[in-house]
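*Asks:* Shown below is the structure under consideration.
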Amino acid sequence: MSDFPDSAAGRRLAIRRRAGRGPTLVFLPGYASDMEGGKATALDGWAEAQGRAMLRFDYAGCGASPGAFEEQTLESWRDDALAAIDSVEGPVLLVGSSMGGWIMLLAALARPEKVVGLVGIAAAQDFTDWGFSDGQKRTLREEGRIEQPSPYGDQPTVTTRAFWESGERLKLLGGPIPIHCPVRLLHGTADPDVPWRISLELMERLESADVDVTLVKAGDHRLSRPQDIALLLRTVEALMRA
């Protein structure tokens with residue numbers, strides 16, 4: 001493992017690089033996740049087998065990257081992603097899971113000359129808007145944080161006012177999204193966290209003429225079953241050939 005400086009934030013981030021043919025595959029984890037998850041490592045294994053370049057990294061405050069988790073915002077994690085992209089020579093293809101799908105869209109808007117394709121897995125753009133009740137938003141504004149039980153671990157999921165407010169500033173679904181590269185969106189119909197219709201709304205908002213949505217019957221939020229991973233790898237491989 002090595003690290004690179006995130007010049008935008010003046011900090012360092014943990015990364016794993018794999019040399020190979022481009023475009024470089026860059027994986028963007030979800031909220032409170034890291035680069036060692038099943039989808040990220042499956043993509044890395046595929047990249048190794050195919051001789052493809054890949055970059056994985058942890059946002060500040062997550063995984064092996066230093067920093068306090070509760071001090072991070074969507075804007076700061078977007079900047080971490082941009083630092084990762086800027087460290088790569090040549091084009092990149094972004095794969096974003098959940099919140100990472102939101103960040104991949106923000107990165108594509110910021111670096112249209114480098115991003116040649118997007119693959120979203122239950123992409124959760126604008127979840128600070130539709131993902132919280134009015135009561136939770138009031139608590140965030142008044143108390144500065146909320147804790148929610150997590151179905152993915154023993155520790156509760158913490159959201160801070162700073163993160164929520166940054167997400168509200170970076171919402172995308174209110175109008176056309178000027179992204180023009182190919183986009184592939186995978187979403188499970190049994191996703192309890194991100195409604196699959198969010199992917200359909202994203203498809204309608206994207207200006208790209210090359211957008212496909214694949215709905216996975218009975219698929220959950222993580223889409224990490226063997227058949228889900230196989231679908232992800234097929235999708236990435238096909239987009240690499242396009």
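*Asks:* Specify the residue that is surrounded by the fewest Cβ atoms within 10 Å (Cβ to Cβ); the eligible residues are those in the stretch 96-114 that are in contact with a strand residue (DSSP E or B) (Cβ under 6 Å, 6 or more places away or on another chain) and more than 18 Å from residue 73 (Cα to Cα).
*Replies:* Of everything passing the filter in the stretch 96-114, 114 is surrounded by the fewest Cβ atoms within 10 Å (Cβ to Cβ).
*Asks:* Out of the residues in the stretch 45-59 meeting the condition of being in a helix (DSSP H, G or I) and in contact (Cβ under 8 Å) with a residue 12 or more places away in the chain, tell me which one is surrounded by the fewest Cβ atoms within 10 Å (Cβ to Cβ).
*Replies:* That would be 48.
*Asks:* Suppose we keep only residues that are open to solvent by 30 Å² or more (accessible area, probe 1.4 Å) and either over 29 Å from residue 26 (Cα atoms) or acidic (Asp, Glu) (or both) within the stretch 117-134. Which one would you say is nearest to the chain's Cα centre (by Cα)?
*Replies:* Looking at residues that are open to solvent by 30 Å² or more (accessible area, probe 1.4 Å) and either over 29 Å from residue 26 (Cα atoms) or acidic (Asp, Glu) (or both), I get 129.
*Asks:* Could we say that residue 202 is assigned to a loop (DSSP other than H, G, I, E, B) and under 19 Å from residue 78 (Cα atoms) here?
*Replies:* Spelling it out, it is not the case that residue 202 is assigned to a loop (DSSP other than H, G, I, E, B) and under 19 Å from residue 78 (Cα atoms).
*Asks:* What's the number of the only condition in (1) part of a helix (DSSP H, G or I); (2) modelled with pLDDT under 95; (3) not basic (Lys, Arg) that residue 139 fails to meet?
*Replies:* With (1) part of a helix (DSSP H, G or I); (2) modelled with pLDDT under 95; (3) not basic (Lys, Arg) applied to residue 139, the lone miss is (2).
*Asks:* Check residue 84 against each of (1) touching a residue at least 40 places away in the same chain (Cβ under 8 Å); (2) of a type in the set (A, V, I, L, M); (3) open to solvent by 30 Å² or more (accessible area, probe 1.4 Å); (4) within 25 Å of residue 208 (Cβ to Cβ) and name the one condition it does not meet.
*Replies:* (3)
*Asks:* While we're here: Would you check which residues across the stretch 195-204 are within 16 Å of residue 104 (Cα to Cα) and open to solvent by less than 60 Å² (accessible area, probe 1.4 Å) and list them?
*Replies:* 198, 199, 202
*Asks:* Another question, if that's okay. Taking the stretch 200-227 on its own, how many of its residues are within 22 Å of residue 54 (Cα to Cα) and under 17 Å from the mean Cα position of the chain (by Cα)?
*Replies:* 3
*Asks:* Give the stretch 205-235 a look and list any residue that's open to solvent by 70 Å² or more (accessible area, probe 1.4 Å) and part of a helix (DSSP H, G or I), or say none.
*Replies:* 205, 226, 227, 234
The values are calculated or read from the model by the stated rules, or taken from the named source; none is laboratory data. Bear in mind that the values here come from a model prediction, so they are computed numbers and not experimental data. FYI the Cβ positions are ideal-geometry reconstructions off the backbone, even for glycines, and counts take in every protein chain you see. All accessible areas refer to the heavy atoms of the entire protein, side chains included, with ligands and DNA or RNA removed. Shrake-Rupley method; radii C 1.70, N 1.55, O 1.52, S 1.80 Å.
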